[in-house]
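Every read-out reported here was derived from the displayed coordinates using simple, explicitly stated rules and does not represent laboratory data. Only a predicted model underlies this, so the values are computations on that prediction, with no experimental measurement involved. Here Cβ is always computed from backbone atoms with ideal geometry, including for glycine, and neighbour counts include all displayed protein chains.
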Amino acid sequence: MSFADTLRQLSSAEDFFSALHVDYDPQILNVARLHILRKMRLYLEANKGDLADESLQKQQYQHYLAQAYNDFVHSSPIKERLFKVHQEAVKPVKLPMVKLTSLTMPPE
C-alpha cells in the first residue's frame, strides 16, 4: 500500500498526526482540527512539487501538517478565517442610504 493510499484511509485529525508522527496538544486539536487540516491542504496546494519518492512526500506532508498546527498554536480559527462563515462574519453590513432631502419635518 502506498503512502497516499494510507492517508486516504485516515478518518480523523488524530489519525493524521499519528501517521505523520507530529506531536500535538489535544486541547488545540479539539478546537481547530478542521482548520488545521484545511490549512495543511492549502500549504500543499501552494507548494505542489513532483515528489514521486514516497519518503520525500511523507516529509512534505509532515512538514505542512506541523506548520498548519503551529499556525493555530499562535492564532485561532477566527483570526485565520479559513472558512466562509468566518470570512463573512467580519464583512461590514451595508445599510441603505437615506437622502437628507427625502426627510420631512413633522407638522406642528
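The figures follow:
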{"quantity": "Charge tally in the Cβ shell below 11 Å around ALA4, where Lys, Arg are +1 and Asp, Glu are -1, ALA4 excluded", "calculated": "0"}
{"quantity": "12 Å beta-carbon shell around GLU45, net charge (K/R +1, D/E -1)", "calculated": "+4"}
